[in-house]
Amino acid sequence: MKIKLKNSKQFTNNTVYMMFETEKMIDVKLGQFVNISIPGDEFTLRRPFSIVSAGKNKFSVLIKVIGNGTQKITNMKIGESIDALIPLGQPFDKTIDYKKTLFIAGGIGIAGILRFIENQNAQFLFGDINGEYKDIMDYLKIEPTYINESGKTGKKGFVTDYINDFEFNTIIACGPKGMLKSIKEKTDKHIDFYAICEEIIACGLGLCGGCAIKYDDGSFGKVCVDGPVLNGRRINYD
């Protein structure tokens, strides 16, 4: 369907918050994502993004510019339209006990967590390298336990260094594979661990196999149709 850019906010770390209006009503469930076309004729494949917030005819995303495709999307002007597939992916249908769930995000992985903690008093650990996401936290009025590798604007270290500061029986996390692997290794196997997976997604419909993810038992899943929220303990992160 066609989506129209309604609002755009540029942040200092080459990350852009974008709000779109949809031409049709949408019903986006928790954990689903959007696949957005790239303006122009240079690229044929869409780019997938976590949905930060959603209403009946609008949604927002947080995009980290990492190449020409994401650059072209974030260069869109207010009022411009583009094609998108929304919603995609399996909804997260587990009941969340916010008093016993720890949410963890690293870097742009925050985009995958934001809708889970929207309007909730959640336990939230966030980590970046040098405080580069501080302006995003302020803009979105989020107050996580903030961890930096440098210690510039929060506690020094990695998010996994502070997991034991919380009481929980469930973890929902999104971020680099190294972070997800460390969570898997450093937490008890009886703790439920859900990983919001970030992969290169081409079709978004399970047809191309470009987002295949390997499990420890040697089998494979597809992030776009089986996820993006998957059992983090099954995934082979190597």
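For the reader, a short list of remarks on this structure follows.
- Order of 116, 59 - criterion: other Cβ atoms within 10 Å of each residue's Cβ, fewest first: 116, 59
- Segment residue 45-residue 143, extension gain: residue separation times 0.36 nm, minus the distance between their alpha carbons: 31.7 nm
- Antiparallel bridges, percent of DSSP beta bridges restricted to region 101-231 (to nearest 5): 25 percent
- Among 144, 228, 48, the residue with the largest mean-square fluctuation in a Gaussian network model of the chain, with springs joining Cα atoms closer than 10 Å, is 144.
- Taking a straight line from the alpha carbon of residue 2, these lysines sit under 16 Å away, with near neighbours fewer than eight places off in the same chain left out: 24, 56, 58, 77.
- FRET efficiency, residue 68 to residue 100 (Cβ-Cβ, R0 30 Å, nearest 0.05): 0.10
- Helix 177-186 vs. the chain, principal-axis angle (Cα, 0 to 90°, nearest 10): 30 degrees
- In this structure the amide hydrogen of residue 76, modeled in the peptide plane, comes within under 5 Å of no amide hydrogen from residues 5 or more places off or on another chain.
- Above-threshold pairs, the threshold being 28 Å between Cα atoms, out of 94/141; 100/177; 9/94: 9/94
- About its Cα centre, the chain has a charge dipole of approximately 340 debye under the convention of +1 per Lys or Arg Cβ and -1 per Asp or Glu Cβ, with nothing else charged.
- The distance between label points at residue 152 and residue 186 comes to 2.1 nm (points 7 Å beyond Cα on the Cα→Cβ vector).
- Likely footprinting exposure, 238, 97, fewest C-beta neighbours within 10 Å first: 238, 97
- Those aspartates and glutamates that a straight Cα-Cα span of less than 15 Å connects to residue 6, excepting residues fewer than 8 apart in one chain: 21, 23, 80, 83
- Shown here is the pair-distance distribution of region 91-188: with all Cα-Cα distances grouped in 5 Å bins from zero up to the longest one, the shares run 3, 13, 26, 26, 20, 9, 2, 0 percent.
- From least to most packed, judged by other beta carbons within 10 angstrom and beginning with the fewest, 46, 234 follow the order 234, 46.
- Antiparallel DSSP beta bridges within the chain, as percent of all bridges there, nearest 5: 60 percent
- When the helices of the chain are scored as -39500 (n - 2.57) per DSSP H run of n ≥ 4 and the total is divided over every residue, the value at 222 nm lands at -4000 deg cm²/dmol.
- With eigenvalues of the C-alpha gyration tensor scaled by 5 and rooted, the chain, Å: 28, 21, 17
- For the pair residue 4 and residue 130, a Förster radius of 25 Å applied to the C-beta separation gives a FRET efficiency near 0.10, rounded to the nearest 0.05.
- Residue 56-residue 200 FRET efficiency (beta carbon distance; Förster radius 35 Å; 0.05 resolution): 0.70
- Remark: spin-label model distance residue 166-residue 216 equals 2.1 nm, labels positioned 7 Å along the Cα→Cβ axis.
Any read-out appearing in this document is the output of simple, stated calculations on the displayed coordinates, not a laboratory observation. Because the structure is a prediction, the values reported are computed rather than measured. Backbone-built Cβ (ideal geometry, glycine too); neighbour counts: all protein chains shown.
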